[in-house]
Amino acid sequence: MKTRLFMALLAAVLLLSACGPKPVPVDSGISSGLSSSQEEASSPTVVPAYFGSWAVTACLGTAPACAMSQEELDACIGLTVSYGEDSFTAEGITCEFRPGTAYAEDVITAEAFQAACGLSPEELGVMASMLLHVTVNIQGNIGQNRLLGRDFFVLGGDSLLIYCDGAFFQAERTE
């Protein structure tokens, strides 16, 4: 009788433990876009790690079909971009968001990155099998297709890979 009760209790415990949330591998290769303190917080408001101010520090490479001249590439170094909940500022221009769709995020594989961009993440010094791609959805016609900082990849809490017209720039957090 005690053995049956023990086995039934053990089966119930094992069944319930299998229904709980699964741990996420620490080295999964995907950045969540959240800082570690934000991931640990139990607050219902989630703030993406890319919110804040960033400075372009280097051009890491260009795709085969890059539309920018060397002078244009060099002029991007030192420019700043800023991402916020209700604003995006780049090249001295503050842009408005489409209501409810400020940022579009998607995770892409290194293979999809290479197919879309014409070069692999490794060629840019990025060692990741998956990347978080973010697009800023701005209103109006203010350089939407060429505004620096509109498309980027989150490399971590303090580094972004910004894509613009076939060029890839590294940006570092300034605040």
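Structure notes:
- Summarising the amide proton neighbourhood of PHE88: residues at separation of 5 or more, or on other chains, whose placed amide H is nearer than 5 Å comprise CYS95.
- Interchain or long-range residues, amide H under 5 Å from ASN137's placed H: TYR103, ALA104
- Charges were assigned to the Cβ only: +1 to each Lys and Arg, -1 to each Asp and Glu. The resulting dipole of region 47-175 about its Cα centre is roughly 160 debye.
- Highest-first arrangement of 62-73, 152-163, 110-121, 47-58, where packing means the average Cβ count within 10 Å: 152-163, 47-58, 110-121, 62-73
- Packing here is the average count of other Cβ atoms within 10 Å per residue, and on that basis the peptides 102-109, 79-86, highest first, run 79-86, 102-109.
- Backbone HN-Hα couplings from phi across region 61-77 [Karplus 6.51/-1.76/1.60, Hz, Gly and Pro as x]: x, 10, 6, x, 9, 5, 9, 9, 7, 4, 5, 5, 4, 4, 5, 6, 5
- A Cβ-based charge dipole, computed about the Cα centre of region 48-104 with Lys and Arg at +1 and Asp and Glu at -1, lands at about 160 debye.
- Using θ = phi - 60° and Karplus 6.51 cos²θ - 1.76 cosθ + 1.60, couplings along region 45-53 (whole Hz; Gly, Pro as x): 8, 9, 10, x, 5, 7, 5, x, 9
- Here the Karplus curve 6.51 cos²θ - 1.76 cosθ + 1.60, taken at θ = phi - 60°, turns the phi angles of region 162-175 into couplings of 9, 9, 8, 6, x, 10, 10, 10, 8, 10, 10, 4, 10, 10 Hz, with x standing for Gly and Pro.
- Potential lengthening between THR135 and ASP74 on full extension [0.36 nm per residue; Cα-Cα distance subtracted]: 19.6 nm
- Under 12 Å, Cβ to Cβ, from ALA63 - net charge with Lys/Arg +1 and Asp/Glu -1: -2
No lab work stands behind these numbers, since they all come straight from the coordinates. Values in this document were obtained by computation on a predicted structure and should not be read as measured data. In this analysis, Cβ positions are derived from the backbone assuming ideal geometry, glycine residues included, and neighbour counts consider all displayed protein chains.
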